1. Within the accessible area of the chain, what % is carbon and sulfur when the probe is 1.4 Å and the other protein chains stay in place?
2. Under 11 Å from the 7 Å Cα→Cβ point of Leu35, by amide nitrogen: which residues of segment 45-70?
3. Could you please report the charge total around Ala34, scoring K, R as +1 and D, E as -1 over all other residues with beta-carbon less than 12 angstrom from its beta-carbon?
4. Relative to the Cα centre, what is the charge dipole magnitude of segment 1-78, using +1 at the beta carbon of each Lys and Arg, -1 at the beta carbon of each Asp and Glu, and rounding to the nearest 20 debye?
5. Ser15: net charge of surrounding residues, Cβ under 13 Å, Lys/Arg +1, Asp/Glu -1, itself excluded?
6. Using the Karplus curve 6.51 cos²θ - 1.76 cosθ + 1.60 with θ = phi - 60°, work out ³J(HN,Hα) for each residue of segment 67-73 in order, rounded to whole Hz, and write x for Gly and Pro.
7. Calculate how steeply helix 34-44 sits against the longest principal axis of the alpha-carbon atoms of the chain, using the helix alpha-carbon long axis, and give the answer as 0 to 90 degrees to the nearest 10.
8. Mind listing the long-range amide H neighbours of Lys33? Cut-off is under 5 Å, sequence gap 5 or more, other chains count too, H placed in the peptide plane at 1.01 Å from N.
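The values are calculated or read from the model by the stated rules, or taken from the named source; none is laboratory data. If you're wondering where the values come from, they're calculated on a predicted model, not measured in any experiment. With ideal geometry, Cβ positions are generated from the backbone for all residues, glycine too; neighbour counts draw on all protein chains shown. For accessibility, only protein heavy atoms count, side chains too; no ligands or nucleic acids. Shrake-Rupley method; radii C 1.70, N 1.55, O 1.52, S 1.80 Å.
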Amino acid sequence: MVPQCQVEVLYFAKSAEITGIRSETISVPQEIKALQLWNEIETQHSGSTDVRNQVIFAVPQEYVKLGDQLLLLQSGDEIAIIPPTPPPPVSGG
């Protein structure tokens, strides 16, 4: 069995609006796929399903899309839920 750890989830933009909080501490397995982590968050905040395709994680300050990427977490890690960076504007002339 994979040991659990306590991580701090930081909510930004729409995810903060939906959850009604800016941060919380949750207990998750130290080895977890990004999508599984999102599912853990969804079980605690059902409205977050609405932004599933509009957010990415910043896990120890590295961008991670929601998917099969394995995350290796430590107690005290911060996981930010942020909107993806928009593409640069296209200039024309």
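1. Values: 3010 of 5910 Å².
Accessible surface attributable to carbon and sulfur in the chain totals 51 percent.
2. In segment 45-70, the label zone of Leu35 (backbone N under 11 Å from the point 7 Å along Cα→Cβ) covers 66-69.
3. Local charge sum for Ala34: -1.
4. 160 debye
5. So the environment of Ser15 carries a net charge of -1.
6. Using θ = phi - 60°, the values come out as x, 8, 5, 7, 9, 10, 9 Hz.
7. The angle comes out near 80 degrees.
8. Counting only residues 5 or more places away or on other chains, the set is Leu71.
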